[in-house]
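Step one of this worksheet: look at the structure below.
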Amino acid sequence: MSAAVRKANQRLPPEVNRVLYVRNLPFNITSEEMYDIFGKFGAIRQIRIGTNKDTRGTAFVVYEDIYDAKNAVDHLSGFNVANRYLIVLYYQQAKMSKKFDQKKQEAELAKMEEKYGVGAAASKDK
């Protein structure tokens, strides 16, 4: 059976997509090193490495082909780079925005508690 036929018949889990979210990267990793590591699994459309305080050590890797992305996740999860073990996940927009919304809500709640003198911060003072 040829690879193309096998690919066509293979069913992928719903979370599989072309965009990977990579965590636990060395802070000083270069784009070239990222292309060397992830390029072994297929054509890459884009790599975005986190640069600010909240995103350092993370990156997004976008493959041209969904099967290349799956292959990269299968082979690179736990891969050792500069004594750090990579965490390679499929990017899930819904989960990422939910996490952001939760942080935003927590910040608003803390402001409200402070403003009105209620909640955990206020009860410690008593």
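Values quoted throughout were computed directly from the atomic coordinates according to the rules given, and no laboratory measurement underlies them. Here the structure is a predicted model, which means the values were calculated and not measured.
Listed values, structure above:
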read-out	value
Hz values of 3J(HN,Hα) by residue in the range 24-41 - Karplus curve (6.51, -1.76, 1.60), Gly and Pro given as x	6, 7, x, 4, 9, 5, 9, 4, 4, 5, 5, 5, 4, 6, 7, x, 5, 9
For the range 79-87, Karplus couplings with θ = phi - 60° (6.51, -1.76, 1.60), whole Hz, Gly/Pro x	5, 8, 10, 6, 6, 10, 8, 5, 10
